[in-house]
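Scroll down for the structure; my scribbles are underneath it.
Just so you know, all these numbers are worked out from the coordinates, no wet-lab data involved. Small disclaimer: the values here were computed from a predicted structure and weren't measured. Virtual Cβ from ideal backbone geometry, glycine too; neighbours counted across all protein chains shown.
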Amino acid sequence: MINITKISSEAYSAWNHYCLDQTAVVKDIFLFFVFSSARAEAYKEDGNYEYKRKNFKEAIAAYTEGIKIKCDDAGLNAILYTNRATAQFCLGISQINQILIFRGIARIFQRRVGGGGANKY
C-alpha cells in the first residue's frame with residue numbers, strides 16, 4: 001500500500017526549483033554542443049582570413065582554438081586539422097625563404113666588402 005501524504009508548499013517549491021535547475025543545466029549542455037560547432041566554424045573563418053593575409057602564426061592559433069573546442073562535426077574537425085597543417089607548412093616555407101634570402105644577402109655582402117670569396121658557403 002502506498003502512503004500518499006500532502007506535500008508541503010516548501011517541499012514543492014524546493015522540488016520545482018530543483019527541476020528548473022536541472023532543466024537549465026540540460027539546456028546549457030545542449031547549447032554548448034550546438035554552439036560548439038558554430039564557435040569552431042568561427043575560428044576556422046578567422047584562420048582562413050589570417051591565412052589569406054599570410055599571417056600564418058595567427059592562422060595556426062585560430063585553427064588550434066577551433067580544434068580545442070572538440071565539436072561533434074567530424075568534417076569540420078578534419079578541415080581545422082588540415083588547414084592548420086597547411087598553415088604550418090607555409091610558415092616553414094616562409095621561414096626557409098627568409099633564411100635563403102639572408103644567406104644570399106650575406107654572400108653579396110661578403111663578396112663586396114671583405115674576403116673576395118675566400119669563405120664560400
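Here are the numbers for this structure:
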read-out	value
Relative exposure of 53, 84, judged by other C-beta atoms within 10 Å (fewest first)	53, 84
Charge context of residue 105, other residues only, Cβ under 14 angstrom, K/R +1, D/E -1	+4
